[in-house]
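Visitor: This is the structure I want to talk about, given as structure tokens.
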Amino acid sequence: MTDTLLTSNAASVAGSEPVLAIQDLSVIFRGRSGENQALKGISFNIHQGEIVAVVGESGSGKSVTSLAVMGLLAASGRIDRGSMQFRDRQGNAHQLATLNETQRRALRGREMAMIFQEPMTSLNPVLRVGDQLTEALRDHQICDKSQADARARELLRQVRIADVDRVMKSYPHSLSGGMRQRVMIAQALACDPQLLIADEPTTALDVTVQARILHILRDLQREKQMAVLFITHDMGVVAEIADRVVVMLRGEVVEQGTVTEIFNAPQHPYTKALLAAVPKLGDMREHVWPQRFPLLGSNASDNSEQRTARYDETPLLDVRGLKVYYPIRSGIFSALTHQVHAVEQIDFSLWPGETLAIVGESGCGKSTTGRALMRLINSDADSIHFQGNEIANLKEAQFQPLRREIQMVFQDPYASLNPRLTVGFTIAEPLLLHGRVKSLEEASPQVDALLNSVGLLPEHARRYPHEFSGGQRQRIAIARAMALKPKVIIADEAVSALDVSIQAQVVNLMMDLQQQTGVAWIFISHDMAVVERIANRVAVMYLGQIVELGPRQSVFNQPQHPYTQRLLASVPVADPQNRQPRTFEEGEIPSPLRKVGETVIKPRYRQVAPQHWVADFVSR
């Protein structure tokens with residue numbers, strides 16, 4: 001174990017027993033290649049009413065720590081040494097490492113709860129959202145069925161979900177990634193736990209909802225004097241919410257201290273590198289073209305502007321009047337009564353070598369737009385031209401060859417990677433299916449090169465997806481999308497699960513690929529600081545419609561639409577001494593649910609600057 005750099009103020013909180021005390025905890029996983037020590041003697045405390053943020057790169061042991069506390073380690077994992085003492089509301093101490101499953105279950109949900117990183121794999125796919133929210137309340141006999149139902153609706157409103165009735169009756173797969181994450185947060189908060197473990201709870205959320213969720217968590221923590229273990233890679237969020245910070249690297253705690261001390265006077269080289277890699281909104285204010293992230297040890301020439309967009313050519317992709325409606329049926333005959341207008345008559349173009357960013361809150365239609373372009377869901381459009389050819393009305397057999405040219409990196413890497421296939425086969429599969437190679441042996445050098453390009457090792461090809469952290473799985477998904485060297489890649493929150501240092505490397509990698517091959521990116525994201533760095537143009541979506549579209553510099557420097565202004569104002573600032581009081585809109589978000597046959601007016605746009613358009617009207 002390496003020495004941990006511990007600031008004087010972080011050593012203890014005087015006059016109180018910790019809610020959670022972790023001492024010299026070591027966790028080992030057994031695999032085909034032997035034993036791997038995931039945690040190497042870590043120690044830290046969390047006191048009542050305190051938020052402790054655990055930060056570090058993917059694979060550093062953050063999530064393993066939370067799973068060990070909750071007693072949810074995989075069968076191949078075991079606690080090698082150390083202790084975890086939890087103190088409940090009555091002041092009773094529990095040695096978590098020695099509890100049996102019945103004792104653990106009595107604590108889970110009621111005394112300690114967890115918000116998981118990947119909601120699609122954590123929510124039960126065969127239970128409606130309402131049933132899952134009320135389950136813990138009824139299991140722990142906190143309230144009866146009608147009271148539990150009312151509490152579930154209140155929780156959904158707290159996390160700012162519109163159309164509560166519909167969501168209560170929905171299954172997880174029918175909700176967007178951000179919506180599912182909000183359901184997970186509501187579920188964890190249901191019983192007002194003594195200890196809340198939040199593993200990347202705002203990763204899938206746009207900045208406006210993220211700001212509200214952080215506000216809710218902070219208010220609940222103060223009101224209930226709840227202890228919070230907050231795992232994240234977003235240093236802006238850390239600065240916004242944390243009291244203390246624990247920095248982890250390769251299974252060890254390398255530094256811990258108050259949030260102010262960590263940000264203002266980091267001691268360990270890794271902490272300094274982590275803070276140096278944090279993207280800051282406004283860094284690109286004077287730059288017209290995208291620019292690589294500056295990395296420690298890189299040359300200034302490596303950060304030159306990326307002039308890859310070829311606006312003098314014909315658009316590579318031209319979309320007109322794209323619509324996606326989801327039917328809502330009711331009654332004993334399942335009559336079609338309403339439709340969710342997920343994407344409503346949007347127009348945009350994508351030029352060769354360009355990066356078009358699509359931003360907006362979860363449920364606004366960003367991911368649905370990407371899936372519609374890939375023909376993964378049913379959609380309608382006036383026209384879609386790819387390389388000058390109309391493709392909107394192609395049959396599936398005719399569209400199949402185009403999948404070589406248009407690839408996608410999905411939002412949830414665990415759900416998009418086959419758990420039964422090794423990572424090497426997963427990356428090689430598109431090469432085999434499209435005839436680029438004839439065997440796995442022939443594909444092996446390309447697989448190794450792709451793994452290296454996303455910061456993984458060639459030996460990782462023999463492992464399965466469940467053996468990787470969330471951030472590592474996202475890198476695998478990016479490698480797979482890059483395998484065929486397509487002309488367009490739709491990246492749906494492709495770097496949202498990555499820590500800031502790896503995020504910077506992957507964004508630079510995406511720019512390198514663009515420089516080398518001329519690939520065009522549709523970059524769907526809620527991280528405005530990353531969008532500012534990578535995008536040529538930005539499309540802002542709200543309630544299924546594009547409300548503002550234009551060059552990145554113009555949109556970010558002079559936002560015109562009220563929603564764009566609110567979006568940029570909600571970005572957390574990586575400075576704990578600059579915590580600003582936030583104001584939030586009262587009431588529910590307008591719903592995209594409309595009656596069948598209801599007329600929807602397409603927005604009218606006015607030009608406010610060269611190629612910068614803003615909607616004058618958005619249907620409600």
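The values are calculated or read from the model by the stated rules, or taken from the named source; none is laboratory data. None of these values were measured; they are calculated from a predicted model. So basically every Cβ, Gly included, is an ideal-geometry build from the backbone, and we count neighbours across all protein chains shown. To get the accessible areas, we keep the full protein, side chains included, count just its heavy atoms, and leave off ligands, DNA and RNA. Shrake-Rupley method; radii C 1.70, N 1.55, O 1.52, S 1.80 Å.
Visitor: Return the subset of Lys145/Lys169; Lys280/Lys323; Lys485/Lys602; Lys323/Lys595 for which the Cα-Cα distance in this structure is over 27 Å, preserving the input order.
Guide: On the way: Lys145/Lys169 15 Å; Lys280/Lys323 35 Å; Lys485/Lys602 36 Å; Lys323/Lys595 16 Å.
In this structure, Lys280/Lys323; Lys485/Lys602 lie more than 27 Å apart at Cα.
Visitor: For Ser146 and Leu421, compute 0.36 nm times the residue count separating them, minus their Cα-Cα distance, and round to one decimal in nm.
Guide: 94.6 nm
Visitor: How many times 2.2 N^0.38 Å is the alpha carbon radius of gyration of the chain? Write out the running numbers ahead of the final one.
Guide: Details: Rg = 24.2 Å, N = 620, 2.2 N^0.38 = 25.3 Å.
For the chain, the normalised Cα radius of gyration comes out at 0.95.
Visitor: Continuing with the same structure: Express in nm, to one decimal, how much length is gained between Gln103 and Glu441 on full extension, taking 0.36 nm for each residue of separation and deducting their alpha carbon distance.
Guide: Numbers: separation 338, 0.36 × 338 = 121.68 nm, distance 5.00 nm.
In short, 116.7 nm is gained.
Visitor: Moving on to the next point. To the nearest 0.05, what FRET efficiency results for Arg222 and Ser16 with a Förster distance of 25 Å applied to their C-beta separation?
Guide: Details: r = 16 Å, r/R0 = 0.62.
In this case the efficiency is close to 0.95.
Visitor: Take the Cα pairs of the range 137-201, get the Kirkwood Rh, then feed it into Stokes-Einstein at 10 °C and 1.306 mPa s and tell me D in µm²/s.
Guide: Working: Rh = 12.5 Å.
Translational diffusion coefficient: 127 µm²/s.
Visitor: Based on the Cα gyration tensor of the range 364-495, what are the three equivalent ellipsoid semi-axes, each the root of five times an eigenvalue, rounded to whole Å and given largest first?
Guide: Working from the Cα gyration tensor, I get semi-axes of 28, 18, 12 Å.
Visitor: Moving on. Calculate the translational D of the range 153-299 in whole µm² s⁻¹ from Stokes-Einstein, where the hydrodynamic radius comes from the Kirkwood formula applied to all Cα pairs, the temperature is 20 °C and the viscosity 1.002 mPa s. Don't jump to the answer; show the numbers that get you there.
Guide: On the way: Rh = 17.6 Å.
It comes out at roughly 122 µm²/s.
Visitor: Along the Cα-to-Cβ line of Arg89, 7 Å from the Cα, sits a label point; which residues in the range 122-165 have backbone N less than 14 Å from it?
Guide: Zone members listed by number: 137-138, 140-143.
Visitor: For the range 141-170 and the range 505-534, what is the separation of their C-alpha centers, rounded to whole Å?
Guide: For the range 141-170 versus the range 505-534, the Cα centre distance is 39 Å.
Visitor: For the chain, list the DSSP H helices whose alpha carbon atoms reach 15 Å or more along the long axis and whose average Kyte-Doolittle value is 1.6 or above?
Guide: Numbers: long enough: 129-139 (16 Å, -0.55); 145-158 (20 Å, -1.37); 177-189 (18 Å, 0.24); 207-224 (25 Å, -0.26); 423-433 (16 Å, 1.68); 440-453 (19 Å, -0.11); 470-482 (19 Å, -0.38); 500-517 (25 Å, 0.24).
Counting only whole DSSP H runs, the qualifying helices are 423-433.
Visitor: Note down the nm distance, to one decimal, between modelled labels 7 Å out along Cα→Cβ at Ala569 and at Arg30.
Guide: According to this spin-label approximation, the distance is 5.7 nm.
Visitor: Two decimals, Cα atoms only, Kirkwood Rh: what is Rg/Rh over the range 230-342?
Guide: Values: Rg = 23.7 Å, Rh = 19.5 Å.
Ratio of gyration radius to Kirkwood radius for the range 230-342: 1.22.
Visitor: So what's the back-of-envelope 222 nm ellipticity for the chain, counting only DSSP H runs of four-plus at -39500 (n - 2.57) apiece and dividing by all residues, rounded to 500? Can you show the working numbers first?
Guide: Details: 21 runs with 196 residues, N = 620.
Helix-only estimate at 222 nm: -9000 deg cm²/dmol.
Visitor: Let me ask something else. What number comes out for the charge environment of Val246, summing +1 per Lys or Arg and -1 per Asp or Glu over other residues with Cβ under 13 Å away?
Guide: -3
Visitor: Measure off 7 Å from each Cα along the Cα-to-Cβ vector at Thr121 and Arg138, then give the distance between these two points in nanometres to one decimal.
Guide: If labels sit at Thr121 and Arg138, their model points lie 2.9 nm apart.
Visitor: Determine the percent antiparallel among the DSSP beta bridges restricted to the chain, to the nearest 5.
Guide: Values: 61 of 98 bridges.
Bridges in the chain that DSSP calls antiparallel: roughly 60 percent.
Visitor: Another one. With every protein chain left in place and a probe of 1.4 Å, what is the accessible surface of Tyr311, to the nearest 10 Å²?
Guide: Roughly 90 Å² of Tyr311 is accessible to a 1.4 Å probe.
Visitor: Tell me which residues come under 5 Å, amide H to amide H, from Val409 once H is placed; ignore anything under 5 positions away on its chain.
Guide: Residues meeting the criterion, in which the H sits 1.01 Å from N, are Ile490, Ala491, Asp492.
Visitor: Could you report the accessible area of Trp521 in Å², rounded to 10, computed with a 1.4 Å probe on the protein chains as they sit in the structure?
Guide: Its accessible surface works out to 0 Å², give or take rounding.
Visitor: On to the next question. Treat each spin label as a single point 7 Å out from the Cα along the C-beta direction, and report the Ser330 to Asn578 distance in nm.
Guide: Taking the two extended label points, one gets 4.8 nm.
Visitor: Would you work out what percent of the accessible area of the chain, with all protein chains in place, is carbon or sulfur (probe 1.4 Å)?
Guide: Values: 12410 of 26000 Å².
Percent of accessible area from carbon and sulfur atoms in the chain: 48.
Visitor: Counting heavy atoms of the protein chains only and a 1.4 Å probe, report the per residue accessible area for the chain as a whole number of Å².
Guide: Numbers: 26000 Å² over 620 residues.
Roughly 42 Å² per residue, with all protein chains present.
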